[in-house]
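Please treat every number below as a calculation from the coordinates, not as lab data. Since this is a predicted model, take the numbers as computed values, not measurements. So basically every Cβ, Gly included, is an ideal-geometry build from the backbone, and we count neighbours across all protein chains shown.
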Amino acid sequence: MFGFISNWFGKEEVTKTPKYDPGFDKPTQKPVETSVEEQHDSNQQQGTYSPYSLPPDSGIDSAQHVEMRRKIGQASLENCSVLEGMLAHCIKNGSFKDKRVRGCDWLREHFYSCLKEQRHALTELGYALPGNSPKRDFKIRSLADRLAQEREKEADEGN
């Protein structure tokens, strides 16, 4: 391998140490002067920023948010359970062409898009928010379930 590198670059370029140019790393623009308050605000924002955090005015703490996301995921999986069963049946008992060649990909696409639609619909409709009553959550879930049933009909027609 060393022979390949020396043939490519030349023997003297490979064996000599690289030169360091201290002027190469200097920034071309000087930083803009900021006030002490702006520096404090930016330091505070950088220290507390998290891409998964909630906005401060949402009224939900992180434990409630995690529980809400868990309930949404569980409800979306239950609403798409028929498609999940169809996918499992295709993988276990499908024809050679469906299992090996296509990998039941058309059913897998329906299943994952159903999950995505369910999570989006349940989130947008406000499922499992801390102030919701069980009756309201049930109505939201049944509305989202109708979307899943339409998705199942499309999957049956594709079979």
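One table, with the values for the structure above:
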{"quantity": "Cross-link pairs Lys71/Lys99; Lys71/Lys92; Lys116/Lys139; Lys71/Lys139; Lys92/Lys153 - those with Cα-Cα distance over 26 Å", "calculated": "Lys71/Lys99; Lys71/Lys92"}
{"quantity": "J(HN,Hα) series, region 83-96, from Karplus relation 6.51 cos²θ - 1.76 cosθ + 1.60, nearest Hz, glycine and proline x", "calculated": "5, 5, x, 5, 5, 5, 5, 4, 5, 7, 10, x, 5, 4"}
{"quantity": "Phi-based couplings in Hz for region 143-156 (Karplus 6.51, -1.76, 1.60; Gly and Pro marked x)", "calculated": "5, 5, 5, 4, 4, 5, 5, 5, 5, 5, 4, 4, 5, 5"}
{"quantity": "Region 127-133 - phi-based ³J(HN,Hα) in whole Hz, Karplus 6.51/-1.76/1.60, Gly and Pro as x", "calculated": "5, 6, 5, x, x, 6, 7"}
{"quantity": "Full-extension gain in nm, Lys71 to Lys135, via 0.36 nm per residue minus C-alpha separation", "calculated": "21.5 nm"}
{"quantity": "Coil-residue trypsin sites (Lys or Arg not before Pro) of region 72-114, DSSP, other Cβ within 10 Å capped at 16", "calculated": "Arg102"}
{"quantity": "At q = 0.10, 0.17, 0.24, 0.25 Å⁻¹, base-10 log of I(q)/I(0) for region 62-158 (Debye sum, equal scatterers on each alpha carbon)", "calculated": "-0.31, -0.73, -1.13, -1.20"}
